[in-house]
Every structure is written in structure tokens, then in C-alpha cells.
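Chemist: One structure follows; several queries about it will come next.
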Amino acid sequence: FNPGEFSIRNESVAGWISWKAYGPYLTEDDVKHAADWCAVNLKQFGLQYIIIDDGWFVGSNGMLHTIPADVDWTKGNDRFPSGMAALADYIHAKGLKAGIWLSPFGISNTGLMSLHPDWWVRETPGGAYARSQDDWHGPYFVDSTVPDAVREYLLTGINAMMNDGYDFFKIDGQKHVAHEAYQSASSYFLDKGFSWQEAYRHGWQAIMDATQDKFVLSCWSRIPENIGNPHAIRIGSDKDAGWECGPKPAAYDLAKYLLEHNICWIDDPDHLVLSNSDDASARSWVTLVGLTGTLLTFSDKPEQLSSEKVKMLQRILPPLQTRPLELYEMNTSPPLWTLEVDRPYDNWLIVANTSFSGQPKTSITFSELGLQRDKEYTVYNFWDQQFVGTFTNRFDCPPLSNFDVQVYSIHEKKSHPWIASVNRHISQGGVSLIDVNYNQKTNVLSGKSKVVGNDT
């Protein structure tokens, strides 16, 4: 991997997604309801997208395992009576962007396959068609080295949704496409003059050309062979509400693969599901995503979110633009997750003391954070909105309840007034503060802060 060969999409991405909220049976009204709610409660904080997941297309008959024989990616089913273009227009009218889910590589229609026998991946030259294990997102797959197959099958739904005005494309099933179909067909592609990776990338390059400047997420799951094509890649398992299904595995995925974030692509640790999570687990989950600055989506029915959890979402929007420091994989989640914020007017650390490793810290030393043990530092507790104090060498952490988290802002003590914390965002000034100055002659601290209307 040569970073100079690729340009990373320098963009904070945040949205609501329909999957865990409504599953494959979502309706046009469900999407409109979510757009209405997000426009009022989260847009002004930095949420941009309303993303329609599996279940919208003609042929949808529940959660997608095998691609339906009658699949039609170019139009919505009868639960979307106004049409997909009208729904995109509705979302846009709310000041938001519209996203759509497709899994366009797979096929189960053997009648269509018999009409175009050379359009589909084979196990060997002239052999049987390659198929995925358990038929997920297949069972058979389009051969992206065949121009007619790309134009007449792979891109039809994408082109239709581009024409309908969609801004975000979630392309699913990639584990099954890349590692079960294309990789297993290595000899077939070599006979055609391609490695399986080249053949796979050929289809993705066609997708990226077709989607132009729109945002593209490759899903299920992390496919390093596709580096340089999608703007974001799902890095791990599906997430759901509750400690064991949500924040804990998300922390494991990010400990392992955060090294690639904003270097190879934008990491997607999968959506938050807060409505059925206890407050402690939800706070840990939003802290993890908020401090890492990864792709941020949540998937709740809006009316099921408590006011406390809405505030949690507001405090991590918009996602930060971060770069990883540890350029190696970690096989366990560390107890401390640390973000350095560097601005022209100050430099500080945000430190999350977490339950991800099983046991939060009871005391944090400044030396383990890369700070000097003999200097004085101020510590502010973000979620509790409390100034903890001024310390040298170390400070103690109060006991945490199960699955909870503490987030501290740590500044080197100064000889004049300065900003210790800001409650607008988990970065505690990294998003909102600009032009902070101290005038020594007049003893005046001044500056500007970007605030959200009606937000305390």
C-alpha cells in the first residue's frame, strides 16, 4: 500500500440508517418520519444523511439472503408508493442528503443467466458457476471483467438511484463477492488474464465511476483488496443494542483496525443502536465513536430514544477528522482511549477511561499519556460536567458502574485564564472553539465559539 496512490475522502459522515430500526419491512412513511425527526433534532449538530437500508427494492421479501429472482434495483416496492426519486426529494427538502442500500453483484435468476451465460463468475474456465457459502447475497455473481455484464447488470440499480438523486451508496455483500466468489475463481480469472483482485477491483472501479462524487460505503466486511475504491469500509460484525452486541465488539474492531482510518479509507464500525441499550453502554458506545471520528450512523426508531440519549448523539456530532497514532493492530481493547486535539491556541488530551478491557482504571498517571510527570495539569470530567482539579503526576478516577465510561479533558496548567472544557462536543473545544486569545496586558481572555441555536 502506497498512500500517495490514493486520495482519502476528507469528510465527516454522520446519518440515520433504517436497518435495526425497521428491518427489511420499512416503509416510505418510516423514512419520512426519521427525516422529519433528524431535521429538527440532529441536523443542526452535524447529521447529514438519511440512509435507506435493505427492504426498499422490488423483489424484497425479507432480510436478504439469496438475491430474489425478480429483484429490480431500479425502483421501489409497493411500500414506497411515491417512488424513490420523490423520497430523495423529500429528504433533500429537509436539508439532508439521501442514502440507499444495494447488493448488486449477486444473482439467483437462472433464466437470465442462461440468456447471458458468459456474464457470471465460474469456478474454473468452462466449469460450474461459482457460488457463495449459504447462498448469501448470491448465490451467483456477475463477472465484472465482462463490459456488457457491468453495464447491463451490475450498474443498473446504481445508475437508476443516481438519476433519482441519491447521495450515498451502501454496497453490501462484499465478503461473499470477494472472498467466496472471486477468490475461489482464481484460475477462471487467470485464464482470462486477470488476478481475482484485478477482476474484483474492475467492478468497483465501474461503481466509483458511476457514482461520480457521491459517498460510497463498502459493507460486509473489511476487504483490503479494495483499497482506494470505496470511501468507507465496514470493519467488523453487525452491531445491535446492549453491551455484548454493540460497544464491546465495536471497541474490539476499532482496536484492531483503527490504524487504517483516514489512511486507507474511513472506518465504519457499524451503526449505534441506543434505544434498547442501558445508559452506561450507550454512553460508552457514543464515546468510542465520538473520539475515533469514524463513520457515524445510528439506527433507532426516533420516538424510542430518550432525551438523554438524544443529547449523547448531539455531543458527538459532527464526527471529528482524526488520524491514528498507533499504526498496528491490537488484539484486545485498551482501557484508555486518548485523543490529542491540536489547535493554534492550545493543545490538550481527551482521555476516555472505559470498561472495554473489563476493568477501568482507578488511577491515571500523566506519564502513561505521554505527559510530563512533574508538570501540573487540570482535569475536567465531560459527561458529569465537573471540574476534577489540578494534579501533578497522576489523578484518581471514581468507581465506574458496569459498562460505563469517564471522559476527561486534560490541559497543562497556565499562568493566565484559559478554556478548560466546552460542553458542546466530546472534543471539548475541538469542534466549536475558534480564535481564542489571551491578552497579557489587559488580562482579557477572548475568542469565538460556534454554537448551535437553542443548545445550552
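The values are calculated or read from the model by the stated rules, or taken from the named source; none is laboratory data. These figures come from a predicted structure and were not determined experimentally. Backbone-built Cβ (ideal geometry, glycine too); neighbour counts: all protein chains shown. Ligands, DNA and RNA are excluded from the accessible area calculation, which covers all protein heavy atoms including side chains. Shrake-Rupley method; radii C 1.70, N 1.55, O 1.52, S 1.80 Å.
Chemist: Per residue, how large is the accessible surface of segment 199-308? Use a 1.4 angstrom probe and give square angstrom.
Modeler: Here the per-residue accessible area is 27 Å².
Chemist: If you take every residue apart from ASN347 with its C-beta less than 9 Å away from the C-beta of ASN347, what net charge results, scoring Lys and Arg +1 and Asp and Glu -1?
Modeler: -3
Chemist: Further question: Mind listing which trypsin sites (Lys or Arg not before Pro) in segment 337-424 are in a DSSP loop and have 15 or fewer other Cβ atoms within 10 Å?
Modeler: The qualifying sites are ARG373, LYS375, LYS413, LYS414.
Chemist: Here's a follow-up. Calculate what fraction, in whole %, of the accessible area of segment 63-126 sits on carbon and sulfur atoms when a 1.4 Å probe is rolled over the protein chains.
Modeler: Carbon with sulfur: 53 percent of the solvent-accessible area.
Chemist: With every protein chain left in place and a probe of 1.4 Å, what is the accessible surface of GLU326, to the nearest 10 Å²?
Modeler: My reading of the accessible area for GLU326 is about 80 Å².
Chemist: OK, next. How about LYS94: which lysines have a C-alpha closer than 24 Å to its C-alpha, ignoring those fewer than 8 places off in the same chain?
Modeler: Within reach: LYS20, LYS32, LYS43, LYS75, LYS170, LYS214, LYS301, LYS309, LYS311, LYS450.
Chemist: Another question, if that's okay. Check ILE434: other-chain or 5+ apart residues with amide H under 5 Å from its amide H, H built from backbone geometry?
Modeler: Answer set, sorted by chain and number: LYS448, SER449, LYS450.
Chemist: Give me the log10 of I(q) over I(0) for segment 35-188 at q = 0.09, 0.14, 0.18, 0.20 Å⁻¹, as the Debye formula computes it from C-alpha points; what are the numbers?
Modeler: Taking Cα atoms of segment 35-188 as identical point scatterers yields -0.33, -0.71, -1.03, -1.18.
Chemist: Per q in 0.13, 0.24, 0.25 Å⁻¹, report the Debye log10 I(q)/I(0) for segment 98-153, using one uniform scatterer on each alpha carbon and no solvent.
Modeler: -0.32, -0.99, -1.06
Chemist: For segment 147-227, which whole-number percentage of the solvent-accessible area (1.4 Å probe, protein heavy atoms only) is attributable to carbon and sulfur atoms?
Modeler: Carbon and sulfur atoms account for 46 percent of the accessible area of segment 147-227.
Chemist: Cα gyration tensor of segment 106-205, axes a ≥ b ≥ c as square roots of the eigenvalues: rounded (a/c below 1.5), prolate (a/b > b/c) or oblate?
Modeler: Prolate is the answer for segment 106-205, as a/c is 1.5 or above and a/b outweighs b/c.
Chemist: Also, I was wondering about something else. Give the separation of the Cα centroids, segment 144-171 to segment 374-439, in Å.
Modeler: Taking the Cα centre of segment 374-439 as reference, the centre of segment 144-171 is 48 Å away.
Chemist: Report, in debye and to the nearest 20, how large the dipole of the chain comes out about its Cα centre when Lys and Arg carry +1 and Asp and Glu carry -1 on their Cβ. Each step should come with its number before you reach the end.
Modeler: On the way: 38 positive and 55 negative charges, 305 e Å.
That gives a dipole near 1460 debye.
Chemist: Let me ask another. Excluding residues fewer than 8 places away in the same chain, name every one of the aspartates and glutamates whose C-alpha is closer than 19 Å to that of LYS414.
Modeler: GLU340, ASP342, ASP346, ASP374, GLU376, ASP435
Chemist: Based on the alpha-carbon gyration tensor of the chain, what equivalent-ellipsoid semi-axes (square roots of 5 times the eigenvalues) come out, in whole Å, largest first?
Modeler: In descending order the semi-axes read 44, 24, 19 Å.
Chemist: Quick one: net charge around SER186, please, counting Lys, Arg +1 and Asp, Glu -1 for every other residue with C-beta under 15 Å from its C-beta.
Modeler: Result for the neighbourhood of SER186: -3.
Chemist: Further question on the same structure: TYR257: net charge of surrounding residues, Cβ under 13 Å, Lys/Arg +1, Asp/Glu -1, itself excluded?
Modeler: Here the count lands on -4.
Chemist: Give me the distance between the Cα centres of segment 228-290 and segment 1-72, rounded to whole Å.
Modeler: 16 Å
Chemist: Whenever you get a sec, compute what percent of the accessible area on segment 362-408 sits on carbon and sulfur atoms (1.4 Å probe).
Modeler: 45 percent
Chemist: What residues of segment 209-247 lie in the reach of a label at GLU326, counting those whose backbone N is under 16 Å from a point 7 Å from the Cα along Cα→Cβ?
Modeler: none
Chemist: When each pair of different Cα atoms in segment 249-344 is counted once in the 1/r mean, what is the Kirkwood radius in angstroms, to one decimal?
Modeler: Over segment 249-344, the inverse of the mean reciprocal pair distance is 14.0 Å.
Chemist: Let me ask something else. Starting from 0.36 nm per residue, how many nanometres of slack lie between PHE6 and LYS192 once their C-alpha separation is accounted for?
Modeler: Value of the extension gain: 64.3 nm.
Chemist: Separate question: For a quick check of understanding: with a 1.4 angstrom probe and all protein chains in place, what accessible area in square angstrom does LEU64 have, to the nearest ten?
Modeler: 10 Å²
Chemist: Tell me the mean residue ellipticity at 222 nm calculated for the chain from its helices only (DSSP H runs of n ≥ 4, each -39500 (n - 2.57), averaged over every residue, nearest 500).
Modeler: -6000 deg cm²/dmol
Chemist: Assigning unit charges at the beta carbon (Lys, Arg +1; Asp, Glu -1) and nothing else, what dipole magnitude in debye, to the nearest 20, does segment 45-188 show about its Cα centre?
Modeler: Here segment 45-188 has a charge dipole of around 280 debye.
Chemist: Note down the relative contact order for segment 324-451 as a percent, whole number, built from C-alpha pairs under 8 angstrom at least six residues apart.
Modeler: Answer for segment 324-451 is 22 percent.
Chemist: Which value, in Å³ per residue, describes the convex hull spanned by the Cα atoms of segment 342-431?
Modeler: Convex hull of Cα atoms, per residue: 104 Å³.
Chemist: Still on this model: Excluding ligands, DNA and RNA, what is the solvent-accessible area per residue of segment 376-456 at a probe of 1.4 Å, expressed in Å²?
Modeler: Value for segment 376-456: 56 Å² per residue.
Chemist: Between ASN439 and ASN347, what length in nm is gained on full extension when 0.36 nm per residue of separation is reduced by their alpha carbon distance?
Modeler: Stretched fully, the ASN439-ASN347 segment lengthens by 31.3 nm.
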